[in-house]
Amino acid sequence: MTDADDAVRAAETTGEPHILYVHFGAAPHPRAAHRAPHEGRYEELLALLTDITPLVQALPPDAALADVRGALRYFGRSAAELAQLVRLRALARHGTDCTVGVAASPLLARMAAQAGEPGRIRQVRPEEAAGFLDRRPVAALHGVGPATARTLCAYGLDSVGRVAAAPPATLQRILGAAQGRRLHERARGIDPTPVTPTAPARSAGAEHRFERDELDPVRRRSALLTLADDLGFRMRAEGQVARALSLTVRYADRSATTRTRALAEPTAHTPALAAAAYALHDALGLQRARVRGVALRAEELTAAELASRQLSFDVRDEKARRAEAAGDRARRRFGAAAARPAGSAPPRAA
């Protein structure tokens with residue numbers, strides 16, 4: 001029996017690595033600058049994974065999860081060798097490099113990709129998981145946002161190892177029962193989430209390119225308001241809402257930074273979209289960055305009638321929504337320029 005056969009048998013019968021987290025591009029970390037693959041090429045890159053396994057979960061705009069457990073014996077290769085095959089095919093067919101994390105769970109595979117060097121394959125075996133997680137900052141855990149990380153750090157829980165060593169009851173008192181229990185499991189590398197085959201989630205985008213490299217944050221925010229208003233109007237016209245919003249900032253050196261944030265609730269309300277866009281922009285801390293353009297993308301679109309909405313007793317919010325509906329009617333009748341938010345920049349096509 002060959003070494004590859006041994007790896008296949010081990011993965012089939014134990015918790016050996018069989019999950020791939022593939023980032024199509026040079027930088028897997030959401031805060032890193034990179035060029036995302038061309039939007040029209042994303043489905044072609046996903047096809048490289050579906051050629052190997054049908055269990056592929058799209059993570060737009062530039063990543064995917066794949067469960068290759070059933071493909072190990074068919075190809076006679078280990079999970080790390082299949083990751084190398086994906087990377088070589090992406091380079092040969094599309095000129096796109098990949099960063100791949102290989103592990104026994106989606107959580108560890110994602111973290112392995114984000115911890116390794118761009119354009120490399122990093123594998124975390126079960127016996128290495130505790131040591132890999134121990135010194136990682138708590139913010140590196142998938143699902144731990146900046147606010148949660150700050151809360152945990154205030155209690156001295158600034159590393160994954162310290163969170164794993166903390167009593168579950170302590171975490172539940174700090175974060176609540178469900179979130180505390182889930183965080184404790186993730187800190188120990190436990191992630192039972194299955195890879196669910198999905199097509200790329202529907203999305204809609206808009207982009208604004210400045211006439212010259214823009215240093216003024218006020219003008220950038222004005223452009224973001226215009227883009228948020230454009231996306232909101234289009235979604236409301238089509239009866240859709242977004243569950244997440246992505247911001248891409250393009251710089252003078254042709255690099256780009258992309259950040260994504262889940263929305264508090266599915267929405268197509270322009271003020272909510274603009275607030276999320278501002279928060280993403282401010283979190284980048286661009287200061288004197290020379291910005292060539294900004295783009296917003298509404299992610300995970302779904303039908304508005306299928307989405308739940310938190311009831312509001314805020315009179316101002318209800319007035320804003322009625323004014324928004326009136327503005328939409330004016331636009332449909334007199335054109336897109338008939339009603340726009342104060343402070344928005346002239347719109348430009350994506």
Checklist outcome for this item: Filtering region 52-95 down to residues that are open to solvent by 10 Å² or more (accessible area, probe 1.4 Å), under 18 Å from Thr198 (Cβ atoms) and free of Cβ contacts under 8 Å to residues at least 24 places away in the same chain yields Leu59, Gly70
Checklist entry - Which members of region 266-293 meet the condition of being of a type in the set (Gly, Ala, Ser) and under 22 Å from Glu324 (Cβ atoms)? => result Ala268, Ala272, Ala274, Ala275, Ala276, Ala277, Ala279
Next on the checklist: Quick check on my filter: what residues within region 161-206 are closer than 19 Å to Val124 by Cβ, aliphatic (A, V, I, L, M) and over 21 Å from the mean Cα position of the chain (by Cα)?
Outcome noted: Val163, Ala164
Checklist outcome for this item: Only unsatisfied item for Glu324, checking (1) buried (at least 17 other Cβ atoms within 10 Å of the Cβ); (2) acidic (Asp, Glu); (3) modelled with pLDDT of 85 or more, is (3)
Checklist entry - Quick one: would you say Asp230 is open to solvent by 40 Å² or more (accessible area, probe 1.4 Å), free of Cβ contacts under 8 Å to residues at least 24 places away in the same chain and more than 30 Å from Ala130 (Cα to Cα)? => result no
Next on the checklist: Among the residues that make up region 159-172, is at least one of them in contact with a strand residue (DSSP E or B) (Cβ under 9 Å, 6 or more places away or on another chain), in a helix (DSSP H, G or I) and closer than 29 Å to Arg259 by Cβ?
Outcome noted: yes
Checklist entry - Is at least one residue of region 251-267 touching a Pro at 6+ places or on another chain (Cβ under 9 Å) and without any contact (Cβ under 8 Å) to a residue 60 or more places away in the chain? => result no
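Out of all the residues in region 195-209, which are buried (at least 19 other Cβ atoms within 10 Å of the Cβ) and either modelled with pLDDT of 90 or more or part of a helix (DSSP H, G or I) (or both)?
Initially, region 195-209 is screened for residues buried (at least 19 other Cβ atoms within 10 Å of the Cβ), giving 195, 206, 208.
If the condition is that a residue be buried (at least 19 other Cβ atoms within 10 Å of the Cβ) and either modelled with pLDDT of 90 or more or part of a helix (DSSP H, G or I) (or both), then Val195, His208 are the ones that fit.
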Checklist outcome for this item: Considering region 169-183, residues that are among the basic types (Lys, Arg) and over 14 Å from Val138 (Cβ atoms), and then whichever is surrounded by the most Cβ atoms within 10 Å (Cβ to Cβ), we arrive at Arg181
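The values are calculated or read from the model by the stated rules, or taken from the named source; none is laboratory data. Keep in mind it's a predicted model, so treat the numbers as computed, not measured. A quick note on method: Cβ atoms are made from the backbone with ideal geometry, for glycine too, and the neighbour counts reach across all protein chains shown. Note: areas computed on protein heavy atoms with side chains; ligands, DNA, RNA excluded. Shrake-Rupley method; radii C 1.70, N 1.55, O 1.52, S 1.80 Å.
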